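A short write-up of the structure that comes next.
The values are calculated or read from the model by the stated rules, or taken from the named source; none is laboratory data. Just so it is clear, the structure is predicted and the values come from calculations on it, not from any experiment. Note that each Cβ is placed from the backbone with ideal geometry, even for glycine, and that neighbours are counted across all protein chains shown. When the accessible area is computed, the model is the full protein with side chains, heavy atoms only, and any ligands, DNA or RNA have been set aside. Shrake-Rupley method; radii C 1.70, N 1.55, O 1.52, S 1.80 Å.
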Amino acid sequence: MSARAAWMHLDLDCFFASVEVKLDPSLKGKPVLVGGVNPQGKNVPRGVIATASYEARKFGCRSGMPLYQALRLCPDAIVVGGHYEEYIAASDAVMQIAARWAPKVEQIGIDEAFLDFFRTELIYPDLKLIAEKIRQEIKDEIGITASIGLARTKVVAKVASDYHKPDGLTSVLAGAEKRFLAPLPIKDLPGIGVKMEEYFHRLGVRTLGELAAVPYSRIAAWGKFSMNLWEAANGVDNIWFVPRVEVKSVSRSETFYKDTPDENFILAMLRKLTERVGEEMRAESYSGRCVCLVVRYKDFRTVSRQRVLPYPTNVTKEIYDMGEILLKELWDGRTPLRLVGIGISQFGETVQPSLFDSVRDKRLELENRIDRLRAKFGKEAVIPASLMYLK
Ligand code: DCP
Ligand code: CA
């Protein structure tokens, strides 16, 4: 995790509605509902609205609401929509502006993206200034507004972009994550839906501060997902928060029951996780080139390292061997760890490096057989000897 706040989350304001206002400036400042309109421009009374302008939101209109209901709340609203080509063009143009500035842009939806400014201290000493420039360029060139959150972790950046919406910039200084999150209702955390919110309310947890204060031992009993949310509420960079648009990587990680410096245990855990990664890769006929290893320390510091293989693979042993090398580069072998994770990305065609053909073929054949045995008799059917350290 970098020391300074280097993640931006950019989210366009009432996106479809903003584009509609741009197309028809007479709509500016008026309550506008998008949707319930088919591409021919005809009203479809039973449709739901895609979004509402902020003027219409004052009346309670929201994305996903049936049109008739929104019109009951705001009878003067103007219903427009259906200009999908324009929405996509505006979205592409925004992402291009983002890419002018950010070394890496991860688009996660039609109108939102994470901008990664890791290791840009020298070129951009003040990222708030850069965020303002990006917002200004979007305004000048596309004519719509964007909100940006700037923070040390992706989760906090996403929460921050929502904080001063519309047309806002919220910067959370490194170290102030927990303080920023604490007063917010738990539903502000991405990933908490209505059901989850009710679940936490029943447990007496209403704010992110209250969630963060639950003892770790208690949260562990509420399941893996709660643990992820708890970590996010504690301002921890959470590898759970990965883009959901498309499967471009396969990864597995596990938090240990107790922090441990035991190398045999950690390698065995890595082996177990890699087996799962390999199994999924083979089941989907994926092959990948880039192996990434993540470790988390006792103090939640999380570091990762990745390396590209000479050819794409889905052989567990090849992924594991690289994982072990990366672990030994990353970790001093003494400091207790609380989590290890491994992933593979950069998918491509499996190619056979001719020299190793026969060995590789045999290996792959063996692993495929194990996959079939496990599918038939359960995960425990075939266990490598090294996994005994997990007992
Ligand atoms: N959208 C949709 N149906 C939904 C939600 C969203 O068609 N149920 C579309 C219309 C939105 C766009 O996706 O304009 C982006 O969704 P957001 O959730 O980011 O909402 P907005 O950009 O409209 O509003 P905000 O200003 O709150 O970001
Ligand atoms: Ca938006």
Completion exercise
Loop-resident GluC sites (Glu not before Pro) in the stretch 265-357 with no more than 13 other Cβ atoms inside 10 Å, DSSP not H/G/I/E/B, are Glu284, Glu349
Fill in the blank from the handout: To the nearest Å², the heavy-atom accessible area per residue of the chain with 1.4 Å probe amounts to 51 Å²
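Taking K and R as +1 and D and E as -1, what net charge do the other residues with C-beta under 13 Å from the C-beta of Trp222 add up to? Walk me through the numbers on the way to the answer.
On the way: positive: Arg202, Arg218, Lys224; negative: Glu231.
Result for the neighbourhood of Trp222: +2.
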Exercise for the section: Would you mind computing, in nm to one decimal, how far apart the modelled labels at Arg372 and Glu141 are, each placed 7 Å from Cα along Cα→Cβ? Expected result: 5.5 nm
Exercise for the section: Determine ³J(HN,Hα), in whole Hz, for all residues of the stretch 265-281 in sequence, where each value follows from phi through the Karplus function 6.51 cos²θ - 1.76 cosθ + 1.60 and θ = phi - 60°; x replaces Gly and Pro. Expected result: 5, 5, 5, 5, 5, 4, 4, 4, 5, 5, 4, 5, 4, x, 4, 5, 4
Problem - Set of lysines near Lys272 by C-alpha distance (under 23 Å), chain-local residues within fewer than 8 positions excluded - result: Lys224, Lys248, Lys258, Lys298, Lys317, Lys328, Lys362, Lys376, Lys379, Lys391
Completion exercise
Summed over the other residues with a beta carbon less than 10 angstrom from that of Ser91, with K and R at +1 and D and E at -1, the charge totals -4
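Rounded to the nearest 0.05, what FRET efficiency do Glu324 and Ala220 have when you use their Cβ-Cβ distance and R0 = 22 Å? Display every interim value, and only then the final one.
Details: r = 28 Å, r/R0 = 1.26.
For R0 = 22 Å, the calculated efficiency reads 0.20.
Subtracting the Cα-Cα distance from 0.36 nm times the residue separation, let me have the gained length for Ala3 to Arg179 in nm, one decimal.
Values: separation 176, 0.36 × 176 = 63.36 nm, distance 1.69 nm.
Taking Ala3 through Arg179 to full extension adds about 61.7 nm, to one decimal.
Pairs of Cα atoms under 8 Å, at least six residues apart: use those to get the relative contact order of the chain, whole percent.
Details: 690 pairs, mean separation 52.2, N = 391.
It comes to 13 percent, rounded to a whole number.
Please report the carbon-and-sulfur percent of the accessible area for the chain; probe 1.4 Å, protein heavy atoms only, DNA, RNA and ligands left out. Provide the component values of the computation, followed by the final result.
Values: 10910 of 20090 Å².
Answer for the chain is 54 percent, counting heavy atoms of protein chains only.
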Handout entry: Spin-label pair Arg334/Tyr68, simplified geometry with 7 Å Cα→Cβ offset, distance in nm
Key = 7.2 nm
Practice task
Evaluate the distance, in nm, between pseudo-label points positioned 7 Å from the Cα of Glu210 and of Gln96 along their respective Cα→Cβ axes.
Solution key: 4.8 nm
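Taking K and R as +1 and D and E as -1, what net charge do the other residues with C-beta under 12 Å from the C-beta of Cys74 add up to? Could the numbers behind the result be given before it?
Numbers: positive: Lys30, Arg57, Lys58, Arg62, Arg72; negative: Glu55, Asp76.
Within the 12 Å Cβ shell, the charges total +3.
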Exercise for the section: Would you please give the residues with an amide H less than 5 Å from that of Val250, counting only those at least 5 places away or on a separate chain, with H modeled from the backbone geometry? Expected result: Ile344
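Could you tell me the calculated FRET efficiency between Glu121 and Gln306, based on Cβ-Cβ distance and R0 = 25 angstrom, to the nearest 0.05?
Numbers: r = 21 Å, r/R0 = 0.86.
Efficiency, from the Cβ-Cβ distance: 0.70.
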